[in-house]
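Derivation of every value follows stated rules applied to the coordinates shown; laboratory data play no part. Here the structure is a predicted model, which means the values were calculated and not measured. Using ideal geometry, Cβ is built from the backbone for each residue, glycine included, and neighbour counts are taken over all protein chains shown.
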């Protein structure tokens with residue numbers, strides 16, 4: 001249908017996309033070279049670490065044999081297991097509370113049209129620009145001045161503060177293109193604003209909430225700078241434990257531990273991507 | 001009984017006056033269209049009736065109750081949005097059932113009423129689809145079902161057909177009207193399409209720049225508009241400006257005389273207008289009718305128009321079967337009765 005009307009000299013894909021000019025071979029080569037370098041710098045060090053973890057003797061590359069014994073050693077180190085569990089709990093709490101704060105901050109900023117809007121959103125974003133070590137030092141100074149012992153709640157608050165820009169930005173970006181009429185439609189069928197939020201807005205914001213949870217979890221799980229100032233002895237997180245261990249020992253066990261972390265992060269990202277799609281949306 | 005009563009409603013956005021003391025009554029069961037160009041305030045008025053905007057001044061009554069201060073969710077209205085505004089994460093069924101769920105209606109009754117509403121718009125087979133899996137026309141029907149399932153006191157429609165293509169739009173017009181009749185729903189329909197307004201409505205409100213220019217039946221609006229604006233907006237019109245002579249003749253500046261369809265005060269400077277189909281082209285005689293020059297015939301398939309030059313204006317005249325065909329450049333006389341616009345209101 002309608003094919004006869006199309007100009008035969010100007011074939012077009014059926015979805016109406018415009019075909020761009022074909023790039024030159026030199027450009028394509030350059031593009032692949034850049035990509036290759038990128039992966040080399042990003043992944044090669046990790047590859048080295050993974051390889052070292054299989055080395056029976058020492059932290060040396062290339063490995064001089066193959067063993068999985070360092071992985072078994074992980075289970076013999078209660079300090080590390082304890083630290084991993086502490087990190088998990090902390091990261092999960094940070095993810096849930098931080099994302100909740102981020103969602104409400106973004107919703108609030110959207111409805112607030114006052115003169116302080118720019119200042120508030122700038123403030124929420126500031127942890128992106130201020131080095132985390134300064135935020136941590138400031139918090140440390142405060143609790144020191146107030147005479148409070150370092151405890152998990154201060155640590156949690158600090159983790160939330162430094163990761164807050166990510167959920168705020170994610171949710172704000174989605175709200176930016178959000179059709180207000182979807183909420184209004186809920187009001188017209190009798191929903192109060194709170195019911196409209198729960199039944200329409202929040203379910204639709206899932207697309208930015210779930211990625212926020214994942215990214216905040218990973219950032220908190222990996223955080224060293226803030227934790228080193230504010231963690232008390234009961235809450236030695238995994239990065240702190242690794243660092244502490246490395247001061248005295250330097251054996252492939254550390255590489256094995258790191259490999260586990262790399263794999264865990266990758267699996268987490270992969271599963272989440274399958275569940276909700278973290279990458280750019282394909283239309 | 002008036003189902004909707006709008007009394008002196010104004011709406012100010014900063015220093016822009018979107019609505020200026022609008023007063024309007026809508027009868028129970030009536031289908032009323034609000035017609036006007038974009039920015040005339042018609043959507044704002046509809047949103048004020050719905051409670052999605054608050055008026056700066058004035059009152060809104062629905063079904064005999066003053067609702068001016070009531071929030072949307074207490075007003076018992078059905079609203080259909082221009083882009084349908086269906087919830088993309090919910091099935092067709094859940095889109096329609098949401099309002100009932102919020103009212104804590106029993107599961108069994110929800111099921112019956114949603115099925116009934118979907119049957120009314122012929123979508124009962126697609127209840128489990130997501131909105132994205134439906135065509136534009138189907139989405140439109142879901143939006144309608146969502147609005148009527150609650151048995152609202154009034155149905156408010158904000159340009160609901162403008163997102164559809166032309167053929168579908170005409171089908172939906174027929175369906176919408178029969179649905180409204182079946183349910184006996186008082187409806188307010190906002191549109192910028194004058195044909196849509198004329199063909200669907202019991203009464204039409206023509207708005208311009210935040211005020212109501214005229215309210216009337218489609219026939220009144222089309223045939224006896226009160227202002228030049230209304231005459232020009234609801235159909236094609238050719239305007240004549242002149243001085244009334246002897247009560248029923250309009251003397252134009254160039255000396256031609258146009259008979260008036262209704263008497264006007266002698267000596268008044270008024271404007272009158274004719275529709276293209278009211279004019280008959282004739283060979284000039286010495287009757288004093290406006291004289292023009294025939295320019296050409298435009299063929300549209302189902303009909304044709306003459307183009308006639310009248311002084312420095314070019315006007316269209318409907319060609320009727322059996323009319324004489326004139327030669328290009330031939331002198332013609334325009335035989336017509338012009339309708340005077342509200343005397344005084346349109347002084348030259």
Open item on the list: For the ranges B:112-123, B:187-198, what's the packing order if you count other beta-carbon atoms within 10 Å of each residue, average per peptide, and put the highest first?
Closed with: B:187-198, B:112-123
Task: Pair residue A:71, residue A:261: separation of 7 Å Cα→Cβ label points (nm) - done: 1.9 nm
- [ ] Determine the principal axes of the Cα atoms in the protein assembly as shown, then give the extent along each, sorted from largest to smallest and rounded to whole angstroms.
- [x] 120, 66, 51
Task: Equivalent ellipsoid semi-axes, chain A, via Cα gyration tensor eigenvalues times 5, rooted, Å - done: 41, 33, 17
- [ ] Please give the FRET efficiency for residue B:335 paired with residue B:193, using the beta carbon to beta carbon distance and R0 = 30 Å, rounded to the nearest 0.05.
- [x] 0.45
- [ ] Please give the FRET efficiency for residue A:40 paired with residue B:70, using the beta carbon to beta carbon distance and R0 = 56 Å, rounded to the nearest 0.05.
- [x] 0.30
Open item on the list: What number results when the radius of gyration of the stretch B:14-87, computed over Cα atoms, is divided by 2.2 N^0.38 Å?
Closed with: 1.14
Open item on the list: What is the distance in Å between the Cα centroid of the stretch A:161-214 and that of the stretch B:78-148?
Closed with: 22 Å
Task: Distribution of pairwise C-alpha distances over the stretch B:143-241, 5 Å bins, in % - done: 2, 11, 23, 21, 18, 14, 7, 3, 1, 0, 0
Task: Computed [θ] at 222 nm, helices only, for chain B once each DSSP H run of length n ≥ 4 contributes -39500 (n - 2.57) - done: -7500 deg cm²/dmol
Open item on the list: Counting only other chains, and only Cβ atoms inside 10 Å, what mean value do you get across the residues of B:66-79?
Closed with: 3
Open item on the list: Suppose the chain between residue B:219 and residue B:38 were pulled fully straight at 0.36 nm per residue; how much longer would it get relative to their current alpha carbon spacing?
Closed with: 62.8 nm
- [ ] For the stretch A:121-178, just list the percent of Cα-Cα distances falling in each 10 Å bin from zero outward, please.
- [x] 21, 43, 25, 9, 2
Open item on the list: I'd like the mean, over residues of B:48-61, of how many other protein chain beta carbons sit within 10 Å of each residue's own Cβ.
Closed with: 1
TODO: Note down, for the stretch B:182-229, the three equivalent ellipsoid semi-axes (square root of 5 times each alpha carbon gyration tensor eigenvalue), biggest first, whole angstrom.
DONE: 20, 12, 9
Task: Pair residue B:27, residue B:108: separation of 7 Å Cα→Cβ label points (nm) - done: 4.1 nm
- [ ] Take each of the peptides A:247-253, B:154-160, average the number of other beta-carbon atoms within 10 Å over its residues, and list them starting from the highest.
- [x] B:154-160, A:247-253
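Can you give me the convex hull volume of the Cα atoms of chain B, divided per residue and expressed in Å³?
167 Å³
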Task: For residues of B:94-105, the mean tally of beta carbons on other chains within 10 Å - done: 3
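Can you give the FRET efficiency to the nearest 0.05 for residue B:293 and residue A:31, using r as the Cβ-Cβ distance and R₀ = 51 Å? Before the final figure, lay out the partial values.
Values: r = 68 Å, r/R0 = 1.32.
FRET efficiency, residue B:293 to residue A:31: 0.15.
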Task: Highest-first arrangement of A:229-239, B:28-38, where packing means the average Cβ count within 10 Å - done: B:28-38, A:229-239
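Which whole-number percent gives the relative contact order of chain B, counting Cα pairs below 8 Å spaced six or more residues apart? Can you show the working numbers first?
Working: 726 pairs, mean separation 55.6, N = 348.
The value is 16 percent.
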- [ ] For chain B, find the longest principal axis of its Cα atoms and tell me its angle to the long axis of helix B:92-102, 0 to 90°, nearest 10.
- [x] 70 degrees
Task: Taking the convex hull of Cα positions in the stretch B:17-168, its mean projected area over all directions (nm²) - done: 10.1 nm²
Open item on the list: Starting from 0.36 nm per residue, how many nanometres of slack lie between residue A:250 and residue A:128 once their C-alpha separation is accounted for?
Closed with: 40.6 nm
